[in-house]
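Read through the structure below, which is laid out as structure tokens, and then see the notes.
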Amino acid sequence: WVPEEHWRTFLVGVYNGGEINPLSATVPRGTNATGDLETARTLLEERLVGSGWLVSARRWQITVERVGASVADAASAVAAVLAPDLRAQLQVIESGHSVDVVPRATSKRAVVDHLGLDVSEVLMVGDRGEVGGNDFDLLSYSDLTLSVDQVSADPTRCWNLSHDGASGPALLTAYLQALVPRASTGVNWKPQRARGRR
């Protein structure tokens, strides 16, 4: 939905911030995990019990899904398998549809850091702001963070300001429409008061 002429001005962090490029760049679709991620893939394929498990390995992360199970239940199983051997090296995080296993140092904060801006100048938005969510690290980075779904327990950040039950892309659209441009210095957005779910 971003017109191609603007692709060079958009910075995209894919694989939970493991790869950062302009939108115009071609991201290599590495499918071969190495090192700790390859060890994790092998352990998961050997030890996850029951049917319906889908384990896919990429250069930057392992993605695990289980047909018919909640993401939280799948995350618990994945963490239990990996904890004895790889807890210090890897982290298990939840998205809205899958479980991701990434190196401990991988973070969506890397996208913000790559910009070289003070975090107080960046509005960060995600959908999984609770502990264990794949946006927790990002949405706990500063007090200028919003969620379009799950929030953290920290009352100073990661707000969901929906007043009508909107979530996901609909709530993101509402947030973006609330931004007010400032002359030459970006945008100025200050909520009058934090409403919605905590």
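The values are calculated or read from the model by the stated rules, or taken from the named source; none is laboratory data. Please read these numbers as outputs of a predicted model, since none were measured by experiment. Surface accessibility is based on the protein's heavy atoms, side chains included, excluding ligands, DNA and RNA. Shrake-Rupley method; radii C 1.70, N 1.55, O 1.52, S 1.80 Å.
When 1/r is averaged over all different Cα pairs and the result inverted, which Kirkwood radius in Å belongs to the range 25-113?
For the range 25-113, inverting the mean 1/r across all distinct Cα pairs yields 13.4 Å.
Using only Cα atoms and rounding to the nearest 10 degrees, what angle (0 to 90) does helix 71-86 make with the longest principal axis of the chain?
The angle comes out at about 60 degrees.
Enter the angle in degrees (range 0 to 90, nearest 10) between the Cα long axis of helix 168-177 and the first principal axis of the Cα atoms of the chain, meaning the one along which they spread out most.
Value to nearest ten degrees: 30.
Residue by residue, what Karplus-based ³J(HN,Hα) values in Hz, rounded to whole numbers, does the range 19-25 have, using 6.51, -1.76 and 1.60 with θ = phi - 60° and x for Gly and Pro?
Those phi angles translate into 9, 10, 8, x, 4, 6, 6 Hz.
Residue by residue, what Karplus-based ³J(HN,Hα) values in Hz, rounded to whole numbers, does the range 117-129 have, using 6.51, -1.76 and 1.60 with θ = phi - 60° and x for Gly and Pro?
9, 5, 4, 6, 9, 10, 8, 10, 10, x, 10, 10, x
In 10 Å bins starting at zero, report the fraction of Cα pairs in the range 73-160 per bin as a rounded %.
Cα pair-distance distribution for the range 73-160, in percent: 18, 44, 30, 7, 0.
Which percent of the accessible heavy-atom area of the chain goes to carbon and sulfur, probe 1.4 angstrom?
52 percent
Taking only protein heavy atoms into account and a 1.4 Å probe, give the accessible area per residue of the chain in Å². Mind showing how you got there, number by number?
Details: 11470 Å² over 198 residues.
Result: 58 Å² of accessible area for each residue.
Between 0 and 90 degrees, rounded to the nearest ten: what's the tilt of helix 35-47 against the longest Cα principal axis of the chain?
On a 0 to 90 degree scale, this one is about 60.
Need one number: % antiparallel among DSSP beta bridges in the chain, to the nearest 5. If you can, show how the numbers build up before the last one.
Values: 20 of 26 bridges.
About 75 percent, rounded to the nearest 5.
In whole Hz and in residue order, list the ³J(HN,Hα) couplings for the range 102-108 that follow from phi through the Karplus curve 6.51 cos²θ - 1.76 cosθ + 1.60, θ = phi - 60°; x for Gly and Pro.
Calculated HN-Hα couplings, in order: 9, x, 3, 7, 6, 7, 5 Hz.
Find, to one decimal place in angstroms, the Kirkwood hydrodynamic radius of the chain, where the mean of 1/r is taken over every pair of different Cα atoms and then inverted.
18.3 Å
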